[in-house]
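**Student:** Questions regarding the structure given below will be posed in turn.
The values are calculated or read from the model by the stated rules, or taken from the named source; none is laboratory data. Computed from a predicted structure; not experimentally measured. Heads up, the Cβs are rebuilt from the backbone with ideal geometry, glycines too, and the neighbour counts pull from every protein chain shown.
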Amino acid sequence: MTRKGLWALLCAAMLLPVACSTVYEDETVYNDIEIPFKDDFRTDTVTYGKLPAEHARHILNLADPSSEIVGKADYTFRTDELISVRQTAEDDSLRITSWSAKTIYDVTLEMYIPEVGEYLPVAYLDSIPGFSRFTFKPSFVGRRNVCRTADGGFVSFECPHLDMEHMMVRLQSDDEHFKKLQKIDAKWTCSFSNYSWTPTAGDNCPYRELRPIYAREWVVIVSNYAYMMTTPEYDYVLSHFSEVMGGDLCDNDKILFDADKYQTEKERFKAEKTFILGQSSPAYGGLGGGYIWTVTDWNFYGHYASFSGWEAIAHEFMHCMGYSHNSNMTYGANNEAGVNVGWTVFIWQLHMWLSRKGDLPYTDRNLLGFHKPENAPYRDCDINAIFQDDAVLEQNIEKFYKQSRLVKYFTEHPVTVTTAKGKEETK
Ligand SMILES: [Zn+2]
């Protein structure tokens, strides 16, 4: 169009009556308007097996010396963050540590970016191997990104560096094991110790070396124990203790718990607490109190069978919670009705019920295989006879299953939970 022609058109447009333009606007459609931005935010795909060797490794390896893991900040885990995501000290990379004993599949790592005001899918992790640690640098750091927001608009942003003070991380996955771990809400911080054990300490030393094979089992024990505390059965028993277990719990002065005490203790057991996990000598089933939580060798493989292990594990836990042998929180005690009542009795029976139901993060002793003959070089104990044969072990579990008050109670009175949709479901 010539300049003269343009002028003619503009003048004609200016002469159009105002009313007509309203009509034209009503008929205007915007289909042809070009999208001004293009979403170029990239979700990284991270494949553990394809990362450079120096960026990916397994932790708690059987052959590692205990000196690699005891008293180390790097070997500290939180029960409410069993897959931890941190910024590396060196650069703008993320470091993921899995305190899961099992591989987790199909995980999306999302980060809240303050400039965007929402969580973005930063990386897709096709698997997170059990007991692993790996680092990668997210692609969005150090470049300008344009991304589509939830309301359909676009945001252009640039993060020169990772800023974990203001960014937040969350992991999303439909993996069943991952969902169990994510339910755990006990705020326990756990690390490992050899305590007074040294290579020359001798048999009189009350502690033994905490080699990685023991530390792996501790992770399983602590995860299962904390998970038990998230189940509807646990909640139910702590509101109906005497009805289920045949008597009440009592404190160090033998004062029976009332409804309030059950609830306040329930909260306290899951509150912020530091535990330093170790192995006591076989002279002691366990040693515990304060932050010290140690048990001896048979507990590390017995716990899968419910009737073994939990007596010492839960006993020492209750010393850490301030209970003495005067209370039935440490040892079960016969009440006037002749029923053996106590915290440890409750816990092994709850473990047995949930284990049979498949409602625990870890139910299979073959996953880590502590008891297996090929792992004997990595431990300093033998395996008791009944734990050497699957059929014999199963017979023993069955015997205890039939004796359990809690199992009988929940078989006759299934727990119902109200789901988010208000539907009643039998658990
Ligand atoms: Zn004790």
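**Student:** Being farther than 25 Å from residue 63 by Cα and at pLDDT 95 or above is the requirement here; does residue 210 meet it?
**Tutor:** Spelling it out, it is not the case that residue 210 is farther than 25 Å from residue 63 by Cα and at pLDDT 95 or above.
**Student:** Residue 192 - would you say it is crowded, with 20+ Cβ neighbours inside 10 Å and within 15 Å of the chain's Cα centre (by Cα)?
**Tutor:** no
**Student:** Which residues, taken from segment 111-159, are of a type outside the set (Gly, Ala, Ser), farther than 30 Å from residue 69 by Cβ and part of a loop (DSSP other than H, G, I, E, B)?
**Tutor:** Residues satisfying the conditions are 114, 115, 116, 140, 143, 149, 151.
**Student:** Scan segment 314-351 for residues that are outside any loop (DSSP other than H, G, I, E, B), within 12 Å of the ligand (Cβ to nearest atom) and in contact with a strand residue (DSSP E or B) (Cβ under 7 Å, 6 or more places away or on another chain) and jot them down.
**Tutor:** Selection gives 315, 316, 317, 319, 320.
**Student:** Somewhere in segment 330-344, is a residue under 19 Å from residue 297 (Cβ atoms) and in contact with a Lys or Arg (Cβ under 9 Å, 6 or more places away or on another chain)?
**Tutor:** No: zero hits.
**Student:** So, one more: Looking only at segment 228-243, count every residue that is part of a helix (DSSP H, G or I) and within 13 Å of residue 359 (Cβ to Cβ) and tell me the total.
**Tutor:** 4
**Student:** Considering only segment 293-313, state which residues are more than 13 Å from the ligand (Cβ to nearest atom) and part of a helix (DSSP H, G or I).
**Tutor:** 297, 298, 299, 300, 301, 302, 303, 304, 305, 310
**Student:** Kindly provide the set of residues from segment 278-292 that are surrounded by 24 or more Cβ atoms within 10 Å (Cβ to Cβ) and either part of a helix (DSSP H, G or I) or away from the ligand (no atom under 12 Å from the Cβ) (or both), ordered by number.
**Tutor:** Hits for segment 278-292 are 278, 279.
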